[in-house]
Amino acid sequence: MEKTAIEDRVFNPSEEVVSNANISQAVYDEAAADRLAWWGKQADELVTFFKPYEKVLDDSNPPFFRWFTGGTTNVSYNCLDRHYNSAKRNKAALCYESEIGRKVILTYRELYIEVNKFANVLKGLGVQKGDRVCLYMPMIPECAIAMLGCTRIGAIHSIVFGGFSADSLADRINDAEAKIVITADGNFRKGNPFPLKNNADVALESTSCVEKVIIVKNAGNDINVVEGRDVWYHDLMATADKYCKPEEMEADAPLFILYTSGSTGKPKGVQHTTAGYLVQTQATLKYVFDLKEDDTFWCTADIGWITGHSYVVYAPLALGMTTFMYDGTVDYPDKDRMWDMAERWGISVFYTAPTAIRTFMKWGNEYPRKHDLSNIRLLGTVGEPINPEAWMWYYENIGGSKCPIMDTWWQTETGGFMITPTPMVPLKPGTATIPFPGIEVDVVDENKQSTERGYLVVKSPWPGMLMTIWGDDDRYIDQYWKRFGDYYFAGDGAKRDDMGYIWVTGRVDDVLNVSGHRLGTAEIESALVECAEVAESAVIGRKHDVKGEAPVAFVILKDGFEASPELIDKLKKHVGVKIGPIARPDDIIFTGGLPKTRSGKIMRRLLRDIAEGRAIGDVTTLADPGAMAEIATKYSGKEE
Ligand code: WTA
């Protein structure tokens, strides 16, 4: 396991922050005294049920836990109808800016109407409760409208990040058997339209379940429209009815599927439920980001990731807050774009990823300094451990040395924050600190005993938890509940310090974290061996200043093929096309052998040692100890 820099500085929150906070010690105490009663109270306060629930938690069939059983509700109802006739009716629900400067503000009333219309559009196309709808969209308001439209009629959305390739999209469409795909003509990236619809067209060549493709006109680029299959969003919306009754959904009905990488095989469809997810995402946003009526919250995550689902769309809207979204690159037209928008929109709570912070830090503090960021009162990070240096830069340059930073640890599978400070918790740069109220985590050794340094586990079910893996209950059990029985295994390593704070040290399984994006080594390896030249490959993550980790591939060529710069290029490109640009290896190293145990398992730890320039560790368990010497020589040759 890797060492974390020990950070002794403690930043105590100011009295003003603590006294104004939504959270208090009483909340922690109440949750600790009876966590299920506390979660029940959160549900009563934060969710409008059509039919009240009978039980907070049904744990009769572990690990298939069910929250708020017996209750019925609807997510779009909670996000919109509750605010439609309230004082919030003319409050900005969603603020949006595109890279080329197009701005949209939708009030709660306006958003409600758009979502109702879109729900009717879906119904008109034959979409029914339980059907899957795939979204392959930019960060545009129509994406949020489409999500909420699905939830209104009980359809299950599956959002595929726009940076994924056609192949990745096709796999996800097929696995979920999506009936409808919603996409856009394109979106702007560094001033040029990126042809999203073209990718969707390629993906659709290898799917047979899709009946209709809805296209949002966004970038105005030329696209291919397939007669009978493709329909324009604006044409459908022009004639849609303005009211659609929200479907009454069981508390544990599937809400969405979101694919994420695991340590083996294909990405898995993490399936989330309705009421528990609504409770945890709202409770965490309310207490951690401390949202108030007059806040404008900016979570920079793409909607294609869980952070975008939970904290760009669902939680802020359910709480009746103003959420801001931006579709574009962070340095267009210049490196101060983010701060320019933060100033213009009066952002008060800002949430981003360490990889972005390191990029901003590299560019220098003259960019934030050009702008008045004094509206910002709270900051957050997510996606990977934040190095103390980046934390300090963020604290001083974006937060003006006055804003607490909420370092939130959670996962696609957890739905919402799990380990995180709240504004009343003393902070240390680099740690996500303590569990959220009502959440029980531990650091354990191989034998499930509490320890100072080991595996991160969640000891009891939580409301926002995944329900299963889409279509694969066995994989759900295998992946999360096999190793430690009734403890959920997160796949992360962690250590605890003398204040009891938890320091997440990163993945202990074969999952990479590249710029906060999860990638399975197995996925990249299987893309590489598809190439005719490649016999075998092993992919590892090498430490990277900005990205956190960068993929590096060790490749054995088949007989008759020679290493060359052209081949390196070709293999890198192939991975980009197969999975998406984020998965492209930074380096490809050709080798004659790979370090393997006698049972054939690749020793990735040794490859990481080589790639990060450390002395090679113990090789006595290797089937062929000589392989390491050869790889080390090849690798150092490459470095010269
Ligand atoms: C990592 C993103 C340290 C971790 C919400 C986890 C973090 C994986 C943090 C989940 C953090 C996320 N500190 N590590 N604050 N937040 N991680 O599913 O390895 O895309 O298991 O969910 O990101 O990534 P995912």
Inset, instruction - Write out the GluC sites (Glu not before Pro) in region 187-232 meeting two conditions: DSSP loop, and at most 10 other Cβ atoms within 10 Å of their Cβ. - result: Glu227
Inset, instruction - Can you send over the solvent-accessible area of His544, 1.4 Å probe, protein chains only, in Å² to the nearest 10? - result: 60 Å²
Inset, instruction - Any of Lys103/Lys217; Lys55/Lys88; Lys362/Lys634; Lys117/Lys217; Lys292/Lys547; Lys51/Lys179 with alpha carbons more than 23 Å apart? Name them for me. - result: Lys55/Lys88; Lys362/Lys634; Lys292/Lys547; Lys51/Lys179
Legend entry - Peptide ranges 228-237, 577-586, 49-58 listed from the most packed, as the mean C-beta count within 10 angstrom indicates: 577-586, 49-58, 228-237
Legend entry - Largest-first principal axis extents, alpha carbons of region 515-637, Å: 38, 36, 28
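Using Cα pairs under 8 angstrom and six or more residues apart, how large is the relative contact order of the chain, in percent? Each step should come with its number before you reach the end.
Numbers: 1403 pairs, mean separation 84.1, N = 640.
It comes to 13 percent, rounded to a whole number.
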Inset, instruction - Stick to the Cα atoms of the chain, pair each with every other, and give me the Kirkwood hydrodynamic radius in Å at one decimal. - result: 25.4 Å
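Could you tell me whether region 470-551 comes out rounded, prolate or oblate from its Cα gyration tensor? Rule is a ≥ b ≥ c as square roots of the eigenvalues, rounded for a/c under 1.5, then prolate if a/b exceeds b/c, otherwise oblate.
Values: a/c = 2.93, a/b = 1.30, b/c = 2.25.
Judged from the Cα gyration tensor, region 470-551 comes out oblate (a/c at least 1.5, b/c at or above a/b).
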Legend entry - the chain - mean residue ellipticity at 222 nm from DSSP helices (-39,500 (n - 2.57) per run, n ≥ 4, rounded to 500): -8500 deg cm²/dmol
Inset, instruction - Please report the base-10 log of the normalised intensity I(q)/I(0) for region 218-306, using a Debye sum with one equal scatterer per alpha carbon and no solvent, at each q in 0.21, 0.24 (1/Å). - result: -1.15, -1.15
Legend entry - Accessible area in square angstrom per residue, region 469-528, 1.4 angstrom probe: 35 Å²
Inset, instruction - Determine the share of the chain's accessible area contributed by carbon and sulfur atoms, expressed in whole percent, with a 1.4 angstrom probe. - result: 49 percent
Inset, instruction - Express in % the proportion of alpha carbon pairs of region 507-574 at distances exceeding 19 Å. - result: 35 percent
Inset, instruction - Measure out, as a whole number of angstrom, how far apart the alpha-carbon centroids of region 301-315 and region 491-532 sit. - result: 21 Å
Legend entry - Segment Glu366-Val10, length gained on full extension (0.36 nm per residue, minus Cα span): 125.5 nm
Inset, instruction - Could you tell me which of rounded, prolate or oblate describes region 239-290, using a ≥ b ≥ c as the square roots of the eigenvalues of the alpha-carbon gyration tensor, with rounded for a/c under 1.5 and, failing that, prolate when a/b is larger than b/c and oblate otherwise? - result: oblate
Legend entry - 10 Å-binned pair-distance histogram of region 61-141 (Cα, whole percent): 14, 32, 34, 16, 4, 0
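What do you get for Rg/Rh of region 7-76 when both radii come from the Cα atoms and Rh is the Kirkwood radius? Display every interim value, and only then the final one.
Working: Rg = 17.0 Å, Rh = 14.9 Å.
My calculation of the ratio gives 1.14.
The values are calculated or read from the model by the stated rules, or taken from the named source; none is laboratory data. Owing to the predicted nature of the structure, the values given are computational and were not obtained by experimental measurement. All Cβ positions, glycine included, derive from the backbone under ideal geometry; neighbour counts span all protein chains shown. Heavy atoms of the whole protein, side chains included, go into the accessibility calculation; ligands, DNA and RNA do not. Shrake-Rupley method; radii C 1.70, N 1.55, O 1.52, S 1.80 Å.
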